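Computed from the coordinates by the stated procedures, all read-outs in this text should not be read as laboratory data. Just so it is clear, the model here is predicted, and its values are computed rather than measured. Note that we place each Cβ from the backbone using ideal geometry, even for glycine, and neighbour counts take in every protein chain shown.
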Amino acid sequence: MLAAISQLAEKVFLLYRQIDEQTAALQAATGLQCPSGCGQCCENPDVEATPLEVLPLALELFRRGEALMWLERLEESGNSICVFYRPDPVIKGNGRCSMYSWRPTICRLFGFATVKNKQGQLELAACIRHKQIMPEVVCQTQEAIANGFLAPNFSDFSITIAAIDPYLGRARMSINQAVAMAIKRVGLMFQLAESADTETGEGVQG
Ligand code: SF4
């Protein structure tokens with residue numbers, strides 16, 4: 001049971017690697033970058049994820065012994081912004097992700113991925129901040145994509161995530177709800193594994 005959860009998390013990590021490689025290639029080819037320290041996309045309360053995408057994050061919280069503490073915070077958070085965001089106390093709009101290596105796909109793709117427009121052509125779903133501070137770079141990136149540059153695509157990754165696990169990878173919800181659900185799923189797997197050990201006598205001392 002726990003092995004199955006770890007295998008799912010492994011597949012999600014492989015997907016993260018693909019996303020990071022594709023966004024790095026786009027950044028290198030076009031110069032599209034986030035302004036240093038910007039955390040505006042994390043300040044949006046509408047960030048969504050599937051529980052599958054945050055399984056690695058949930059497992060990491062268990063590994064640190066912090067899962068229950070975070071579960072309480074997540075359940076209290078309602079529809080507020082992501083609980084893992086740490087706003088900069090001095091510069092408005094700046095901040096950092098306290099779980100950066102474990103962040104889900106939307107947080108990796110935002111500002112660097114394509115969607116299909118009404119004509120069925122791929123175009124950059126550009127970040128408002130990028131458009132404000134580097135409009136020429138955004139235009140050049142749109143041109144490169146129109147000319148066939150293969151940028152990461154939101155729907156391709158959504159389909160891949162749903163294919164990894166149709167139950168955990170399809171339900172899209174607020175990031176706080178998704179992490180809470182992933183923690184509960186991992187916790188349940190730990191409980192089942194412990195009861196199985198007790199039944200087979202493996203958990204009994206002496
Ligand atoms: S997981 Fe990290 S990057 Fe994603 S919204 Fe939360 S703080 Fe921001």
Q) Using the Cβ atoms and a cut-off under 10 Å, what net charge is assigned to the surroundings of residue 114, where Lys and Arg are +1 and Asp and Glu are -1? A) -1
Q. On a 0 to 90 degree scale, rounded to 10, what angle separates helix 154-164 from the longest Cα axis of the chain?
A. 20 degrees
Q: Please find the FRET efficiency linking residue 98 to residue 139, where r is the Cβ-Cβ separation and R0 is fixed at 41 Å, and quote it to the nearest 0.05.
A: 0.75
Q | Computed over the chain: relative contact order in percent, which uses C-alpha pairs under 8 Å that are six or more apart | A | 33 percent
Q | Crossing angle, helix 67-77 versus the chain [Cα axis fit, 0-90 degrees, rounded to tens] | A | 50 degrees
Q. Under a point spin-label approximation (7 Å from Cα along Cα-to-Cβ), what is the residue 48-residue 129 distance to one decimal in nm?
A. 2.2 nm
Q: Would you calculate the separation in nanometres between label points at residue 193 and residue 91, each defined as 7 Å from the Cα along the Cα-to-beta-carbon direction?
A: 4.1 nm
Q) Can you tell me the Rg and Dmax of the chain, counting just the alpha carbons, in angstroms? A) 19.3, 71
**Q.** Ranked packing of 180-186, 88-94, most packed first, by mean Cβ within 10 Å
**A.** 180-186, 88-94
Q.
Checking the cross-link filter: which lysines have an alpha carbon closer than 25 Å to that of residue 131, excluding same-chain neighbours under 8 positions apart?
A. 92, 116, 118
Q) Put +1 on the Cβ of each Lys and Arg and -1 on the Cβ of each Asp and Glu in the chain; which of 154, 9, 54 then has its Cα farthest toward the positive end of the dipole? A) 154
**Q.** Projected label distance in nm at residue 75 and residue 117, using a 7 Å step from Cα toward the beta-carbon
**A.** 4.7 nm
